[in-house]
Structures are given as structure tokens and as C-alpha cells.
Amino acid sequence: MIIMIYCAIGIALYYLQDYFLFHPQPLASNYAYSFKQRFEEIRIPVNKEDTISLVKFHPDTSAPKGLVLYYHGNMNNIGHYADYIDVFLQHGYEVWMGDYPGYGKTTGTRNEEKMYEQSRIIYTMAASVYRSDSIIIYGKSLGTGIATYVASYGEAKALVLETPYYNIPSLFGHYAFIYPVTAMSNYKIPTFEYIQEVNYPIIIFHGTGDDVIPYKNAKRLEPLLKQGDKFITIKNGGHNTLTGTLDYKNLLDSLLK
């Protein structure tokens, strides 16, 4: 009986893993965004089935200092994360945020390779407009692995990771440690591999009170950092509360100035 229960739960975890990892909110193609920030919506056709929905948020200046490529977390769509970007706009940076397949108005089926491909497309567009030393690549939660992949692919001023993970199987293993999660995981997103290929400054923020991505999981990335990179531990910081802390604000202010 115990073996049957173990197998039944394992099978359920395997087939429901996308449900646990992704929480998209699709939007109709004619949905009208109503962000408080100045913005411009861009649709990028990839092929007959896939279209990327990208929103460009503009600062109150005609000459932005640079660009922040923001790769968001696993919830809803761009609209869920717009309130997190004001610090960049206030410092005169433009912010580009795209949705993953199945999120918002981005169409097409989702898989790991497609997420990489679309992240490269957005970076290539950015690099055609901005110098690499004025681009900051930023990842939040799920988006930290994608952002690190992009950073390993293209040059930038800095890579900033808010609540990152070592890789997806290790994250699943925290919740389902009695299962062979590496073999079971359809998504790998090996942040630990990509981060070693980034040759410019990296800043990581993680809180000890994170109940979504455990602090100890992110801490495994610290030995892989270069001299001069920063791993900022925020005591009791939760998964979505780091941006309100002084440590976060002070270091971001220093980077953006």
C-alpha cells in the first residue's frame, strides 16, 4: 500500500509539475493595459504560432540613462510586476518586460528552450538600441534563471537577481525530497551553470524568511560568484518583501546612479 501511494503521488507530481511551477494569467489580444507608468506595448512575431508581448516602460526623461531588462516571476503576467519597477524609472532607466509563453498576451506553447529563445530575442532588440554598458539584466524569482541565461549570452553593465534558485530540480527537491526530482523535472534552468559564464558584476538578493525559494537553495550560488560580486542576505526577508528593505534600496541606488 505504501509503495502504491508513493507511486501515485509521484505520477501526479510528474504530470502536474507545470501547474506547480507556472501560474500564468492569459489576456485577450485586445486587452487594454492601464499602467500608472508611461508605457508602450510591443508585439513581436516569432513564427506562425508564437508572438511575444513586450511592454516598454518609459522614465520621465527624453534621454534615459540606460535600460533594465526585467524577467519576471511565475505569477499572472506583466501587470503583476509593474509596481516593482518604479525604482528604475525614478533613476532615469527605461524598463522592458516581456511575458513568457502562455502569460498575458504572449502566445504559443511553453517549454524551456522557447523561454530561452524568446529571452534572446528581447536581449538582441535591446542591444540594437542601447550600449551593453548601459543595460542591466534583472531577474525576479522564476525569472532569475532566465535572466542568468541571458547574462551568459550577452554583455551588460550588471546582472541583478532577486530570490534566485540553484536550478529547478533542486527547488522541486525541497518540496518532494523522496522522489528522483532530477529525472522527473521537465524544466532544468540551471542557474548555477549560467552564472559561472557571466563576466561582469552580479548582485544577488535573498531573504532568510523566503518560504517559496529557500534561502539555503540560493546560498548554493554564492561559492560560484566572482571576486567583487555580491550576495546580499536580508534577515527575515520574504519572497516578495526585499524591495522594501534598506539593503535593497541602498545597493540599487548605488548601482543605478
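The values are calculated or read from the model by the stated rules, or taken from the named source; none is laboratory data. A quick note: this is a predicted structure, and the numbers were derived from the prediction, not measured. Here the Cβ positions follow ideal geometry from the backbone for every residue, glycine too, while neighbour counts run over all protein chains shown.
A single entry from 51, 61 fulfils the requirement of being within 15 Å of residue 122 (Cβ to Cβ) and either surrounded by 10 or more Cβ atoms within 10 Å (Cβ to Cβ) or touching a Cys at 6+ places or on another chain (Cβ under 9 Å) (or both): 51.
When residue 209 is tested against the conditions (1) at pLDDT 95 or above; (2) surrounded by fewer than 20 Cβ atoms within 10 Å (Cβ to Cβ); (3) not in a loop (DSSP other than H, G, I, E, B), the lone failure is (3). Annotation: of all residues in the stretch 34-52 being in a strand (DSSP E or B) and among the hydrophobic types (A, V, I, L, M, F, W, C), the one that is nearest to residue 108 (Cα to Cα) is 52. Restricting 226, 216 to residues that are modelled with pLDDT of 95 or more, charged (D, E, K, R) and assigned to a helix (DSSP H, G or I) narrows the list to 216.
A Cβ distance below 6 Å, combined with a sequence gap of six or more or placement on separate chains, defines the contacts here; from the stretch 132-154, residues that are touching a residue at least 40 places away in the same chain (Cβ under 8 Å) reach residues that are among the acidic types (Asp, Glu) in the pairs 140/162; 152/197. When the helices (runs of 4 or more DSSP H) confined to the stretch 53-150 are screened for residues that are polar (S, T, N, Q), those reaching at least 3 such residues are found at 112-127. Applying the condition of being under 24 Å from residue 34 (Cβ atoms) and not hydrophobic (A, V, I, L, M, F, W, C) to the stretch 102-136 and asking which residue is surrounded by the fewest Cβ atoms within 10 Å (Cβ to Cβ) yields 102.
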